[in-house]
Amino acid sequence: MPALNFDNLFVRELPADASREPGPRAVEGAFFTPLDPTPVAQANMLAWWPEVASALGLDDADMQHPDMARVLGGSAVLDGMQPYASVYGGHQFGHWAGQLGDGRAIHLGEVIGRDGERWDMQLKGAGPTPYSRGADGRAVLRSSLREFVCSEAMHYLGVPTTRALSLVDTGEHVVRDMFYDGHPKAEPGAVVCRVAPSFVRFGHFELPASRGDIDLLSRLVDVVIGRDFPHIGVSQPHARGDWFAEICQRTARMVAHWMRVGFVHGVMNTDNMSVLGLTIDYGPYGFIDEYDPDFTPNTTDAPSGRYRFSHQPRVAYWNLTRLAGALAPLFGDDVEPLHAGLALYERELAACERAFTAAKLGLTQADEDDMARMQQFKALLARGRMDMTLAFRALASLNPEAPDITIFGNAFYDMAARDAVGTDLQQWLTAYAERVLAQDLPASERRQRMDHANPWMLPRNYLTQQAIEAAELGDLQELQTLMQAVRQPYREQPDQARFAAPRPAWATHRAGCSMLSCSS
Ligand code: AMP
Ligand code: MG
């Protein structure tokens, strides 16, 4: 077996739970419970991302070794690993939920990778922990495959995210009631190994703060600054304020990227917010097909729409205010640095929105008129029920000398809506063409700029669902094809034209293709 280079700083520096009792219980004065993953019946490696393996220092032969499937399925533990489940709290759907924690995720260890960077390895679906709240600690293949594909796709889209190493079939079944309607079904189980420099969430700070355990809170802050934000210098006088500001800035960038590519997280609870501003915990997420600012893929959230697409920037801010509240006791009488951090969030978000508007419209810079132009375009997309990805991508093929809405080709889902919006869309396009001509940017450069901001393809839910259905029948070809395509989402791939098509009609109301439940 390969020798991974472990340096388990979290375990070394922070207090451990004194008990190893597996059942649900409150864990205080500690950040983690040491425990091993629960072995599975038959671990079988379904797929892995060679780029991630290589960053950890693993090659193809390592990944193909039978012991590797056992380790990444949770049936064996390597020398140097110190598995644990961490404890955190969180605000769920706007309400304080108390203690949560890694209910089915188990950390294996922190690896110092090929280029000297730190990668925390975590198995998702690895069995029960004290934080499973009576659930089984397992994950189904469908949700595991979705996280496995989407987290890497997001990376290649340029969106900050946790990464995925492997997808292992457990050879066991997991029972889920997918629609919560009294029809539970046995589904194939799987384990994803995900990796990130850190899996620390806002909720890790909220929990000790909620218990008034300021010493514990303070220790975690210092360890996280030292490990995950080493450039800040933990002992400099403004370290904690600078650190909070950076969390705000990173969160703004992450959300701005979500809005750029049309990603809806679906469950933006504070326990699902990473301090590194990484997209984390892929559950009932979705990409926008027909542009609808109110879209949420999460059936549980559909009634209130708290986490709908257009709300995400505001929700992220609200989540940061929860984190600020948790950290406030560390700032004594001077909470000004926390206010400054929140203000930085607003500024960074606005700056990203402006930069992304310029890039998406192929402009060297976006002024106030261009920001309004973008809003008008989005309103037209909504009215015309147009596909967000296809419509933005089509803009690059505009001939500014002869603007014509035929460039939008197959971006319409509804012909009546297309006809209704046609005149206004043409008017918008004509004004946009004038704007493009007024700037001094060669056509080829404009196109290049746009084609780096407007993806050619995304792993839309229905595409991932097709890979899932094939994989459930033992056919991994569709998964492999999808993995290949998402590696270059901005490059036109003529041999895979179906990946840049609108969502087909059959997928509109089909389970897994548009709406998803949390039952994973
Ligand atoms: P999520 O909405 O997926 O972020 O999960 C919220 C909380 O429920 C977290 O503490 C999870 O660890 C826990 N959880 C979700 N699914 C399971 C499961 N199958 N078994 C144990 N805990 C779970
Ligand atoms: Mg979660």
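Just so you know, all these numbers are worked out from the coordinates, no wet-lab data involved. These numbers come from a predicted model, not from an experiment. Positions of Cβ are backbone-derived with ideal geometry, glycine not excepted, and every protein chain shown enters the neighbour counts.
Just a few scattered comments:
- Approximating the spin labels as points 7 Å out from Cα along Cα→Cβ, the Q427-to-Q477 distance works out to 5.1 nm.
- Rounded FRET efficiency, nearest 0.05, which uses the C-beta distance separating W318 from D367 and R0 of 30 Å: 0.50
- Applying Stokes-Einstein at 4 °C and 1.567 mPa s to the Kirkwood radius of the chain, computed over alpha-carbon pairs, gives a translational diffusion coefficient of 54 µm² s⁻¹.
- Close amide H partners of G98, meaning residues 5 or more places away or on another chain with modelled amide H under 5 Å apart, are G90.
- Sorted by Cβ neighbour density within 10 Å, fewest at the top, the residues S310, S144, S75: S310, S75, S144
- Using alpha-carbon coordinates, inclination of helix 415-438 to the longest axis of the chain, degrees: 80 degrees
- One Cα centroid belongs to region 185-215, the other to region 461-520; the line between them spans 28 Å.
- Built amide H within the under 5 Å cut-off of L46, gap 5+: L167, V168, D169
- Convex hull volume per residue, computed on the Cα atoms of region 363-440, equals 83 Å³.
- Cα long-axis angle, helix 477-486 against the chain (0 to 90 degrees, to the nearest 10): 70 degrees
- Whole-Hz ³J(HN,Hα) from phi, Karplus 6.51 cos²θ - 1.76 cosθ + 1.60, for region 142-150, glycine and proline x: 4, 6, 5, 5, 4, 5, 4, 7, 5
- Dipole magnitude for the chain: about 620 debye, using +1 per Lys or Arg Cβ and -1 per Asp or Glu Cβ, origin at the Cα centre.
- Beta bridges by DSSP in the chain, antiparallel share as percent, to the nearest 5: 95 percent
- Cα centre as origin, Lys/Arg/Asp/Glu Cβ charges: region 9-202 dipole, Debye: 500 debye
- Think of the chain as a dipole: +1 on every Lys or Arg Cβ, -1 on every Asp or Glu Cβ, centred on the Cα centre; then among P208, I288, T38, I288 lies furthest on the positive end.
- Tensor-based shape of region 9-202 (alpha-carbon gyration tensor, a/c under 1.5 rounded, otherwise prolate or oblate): rounded
- The chain, relative contact order in percent, only Cα pairs under 8 angstrom and at least six apart counted: 14 percent
- With the simple model of a label 7 Å out from the Cα in the direction of the Cβ, Q488 to A135 spans 3.8 nm.
- The charge dipole of region 388-507, taken about its Cα centre with unit charges on the Cβ atoms of Lys, Arg (+1), Asp and Glu (-1) only, comes to about 220 debye.
- Using a Förster distance of 25 Å, the FRET efficiency for F93-E13 (Cβ separation, nearest 0.05): 0.15
- Stretch gain in nm, segment D334-H452, where the contour uses 0.36 nm per residue and the Cα spacing is subtracted: 38.2 nm
- For the chain, calculated [θ]222 nm from helices alone, where every DSSP H run of n ≥ 4 adds -39500 (n - 2.57): -13000 deg cm²/dmol
- Shown here for region 117-159: GluC sites (Glu not before Pro) in loop regions (DSSP other than H, G, I, E, B) with at most 14 other Cβ atoms within 10 Å, namely E117.
- Under the simplified labelling scheme, the A497-H231 pair shows an inter-label distance of 4.5 nm, with each label point 7 Å from Cα along Cα→Cβ.
- 3J(HN,Hα) from dihedral phi, region 247-259, Karplus parametrisation 6.51/-1.76/1.60, rounded to Hz, x for glycine, proline: 4, 4, 5, 5, 5, 4, 4, 4, 5, 4, 5, 4, 5
- Farthest towards the positive end of the charge dipole of the chain, among the residues A438, P502, A196, is the Cα of P502, using unit charges on the Cβ of Lys, Arg, Asp and Glu.
- Cα gyration tensor category, rounded, prolate or oblate, for region 405-520 with a/c compared to 1.5: oblate
- Think of the chain as having a plus end and a minus end, set by charges on the Cβ of Lys, Arg, Asp and Glu; of A358, M450, V421, V421 sits farthest toward the positive end of this dipole.
- Whole-Å semi-axes of the ellipsoid equivalent to region 106-165 (Cα gyration tensor, √5λ, descending): 24, 17, 8
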